[in-house]
Amino acid sequence: MAKLLHVSASPRGEQSESLAVASAFVEVYRESHPGDVVEHWDLWDGALPAFGPVATAAKMAVIRGDEPTGEQVAVWREVVAAVERFTSADRLLFSVPMWNSGIPYVLKQFVDVVSQPGMVFGVDVETGYLPLLAGRGKRAAVVYTSSIWGPEVAPGFGADFQSTYFDNWLRWAGITDVTEIRHHPTLTGDVEDSRQTALATAREVAKTF
Ligand SMILES: Cc1cc2nc3c(=O)[nH]c(=O)nc-3n(C[C@H](O)[C@H](O)[C@H](O)COP(=O)(O)O)c2cc1C
């Protein structure tokens with residue numbers, strides 16, 4: 001029995017394009033994988049811990065090989081729980097709107113909370129970062145949406161630090177089986193056509209995910 005975790009980064013609920021595409025994915029995934037567990041982590045639901053002064057001190061202690069101490073202990077426990085919620089998933093679905101050419105800050109917060117030494121990454125002085133999620137059969141599907149930027153637009157319509165950043169992070173962590181589902185209608189494109197193409201792609205990918 002595998003677990004699909006849908007991590008969503010749009011706060012727009014019923015209005016959300018990325019959530020609509022991800023919902024179509026989840027619906028077909030449930031039908032085609034009836035024995036699997038499906039979990040939704042809405043990054044706006046308040047469950048994601050902050051990553052501030054105490055958490056960063058705890059992280060640096062762990063990197064030095066020390067134990068978190070004092071007020072770090074409880075904060076680090078929350079961080080580890082978030083990491084485990086993420087790493088326990090065999091299949092990951094991320095729904096990611098473009099915000100100011102990048103990703104919504106709550107998704108960057110997620111990245112900062114779960115990217116922890118000894119759990120998601122290691123470091124080797126000779127070769128650099130070690131992707132600790134590699135070789136575990138994990139797969140990710142990512143729904144990227146934007147409304148102004150698109151792959152064909154002129155530079156005046158923005159740049160893509162959304163998928164470039166997020167895809168790099170997945171691979172850095174060792175998740176290299178990544179499928180992209182894109183919805184970038186742009187200001188002059190056909191929004192409905194772009195939406196329907198993304199929905200159809202999501203349903204198709206979900207069947208065998
Ligand atoms: C805060 C914010 C920033 C945005 N920045 C961009 C941007 O830089 N480029 C772009 O093409 N669209 C931008 N958009 C539009 C969204 O990417 C687009 O509407 C997307 O479909 C939103 O996904 P959602 O409907 O799932 O929330 C922005 C929207 C918001 C709310």
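Taken together, the values in this text are just the output of simple stated rules run on the coordinates, not laboratory data. Predicted, not measured: the structure shown is a model, and the values here were computed from it. Note: ideal-geometry Cβ built from the backbone for every residue, glycine included; neighbour counts use all protein chains shown.
For the reader, a short list of remarks on this structure follows.
- In the stretch 31-38, the count of residues that are within 16 Å of the ligand (Cβ to nearest atom) and surrounded by 12 or more Cβ atoms within 10 Å (Cβ to Cβ) is zero.
- Number of residues in the stretch 41-60 that are charged (D, E, K, R) and in contact (Cβ under 8 Å) with a residue 60 or more places away in the chain: the value is 0.
- Looking only at residues of the stretch 113-126 that are within 24 Å of Phe161 (Cα to Cα) and part of a loop (DSSP other than H, G, I, E, B), we find that the one that is farthest from the ligand (Cβ to nearest atom) is Gln116.
Matching residues to (1) free of Cβ contacts under 8 Å to residues at least 24 places away in the same chain; (2) closer than 26 Å to Phe161 by Cα:
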residue	(1), (2)
Ser32	no, no
Val73	yes, no
Trp76	yes, no
Ala89	no, yes
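- Selection of the stretch 166-209 for residues being in a helix (DSSP H, G or I) and of a type in the set (Gly, Ala, Ser) yields Ala173, Ser194, Ala198, Ala200, Ala202, Ala206.
- Flag if Phe110 is hydrophobic (A, V, I, L, M, F, W, C), part of a helix (DSSP H, G or I) and surrounded by 18 or more Cβ atoms within 10 Å (Cβ to Cβ): yes
- Restricting attention to the stretch 165-197 and to residues that are of a type in the set (Ser, Thr, Tyr) and within 11 Å of the ligand (Cβ to nearest atom), the residue that is farthest from Ser16 (Cα to Cα) turns out to be Thr186.
- If only residues of the stretch 131-163 that are charged (D, E, K, R) and assigned to a loop (DSSP other than H, G, I, E, B) are counted, the one that is farthest from His184 (Cα to Cα) is Arg136.
- Among the residues listed as Thr56, Thr69, the single one being over 17 Å from Val142 (Cα atoms), away from the ligand (no atom under 16 Å from the Cβ), of a type in the set (Ser, Thr, Tyr) and surrounded by 13 or more Cβ atoms within 10 Å (Cβ to Cβ): Thr56
- Considering Leu93, Leu48, Leu5, Leu43, the condition of being within 12 Å of the chain's Cα centre (by Cα), surrounded by 16 or more Cβ atoms within 10 Å (Cβ to Cβ) and away from the ligand (no atom under 16 Å from the Cβ) is satisfied by Leu5 alone.
- Number of positions in the stretch 127-164 that are surrounded by fewer than 16 Cβ atoms within 10 Å (Cβ to Cβ), more than 13 Å from the ligand (Cβ to nearest atom) and touching a residue at least 12 places away in the same chain (Cβ under 8 Å): 5
- Among (1) under 14 Å from Ser95 (Cβ atoms); (2) under 16 Å from the mean Cα position of the chain (by Cα) - the single one His183 does not satisfy: (2)
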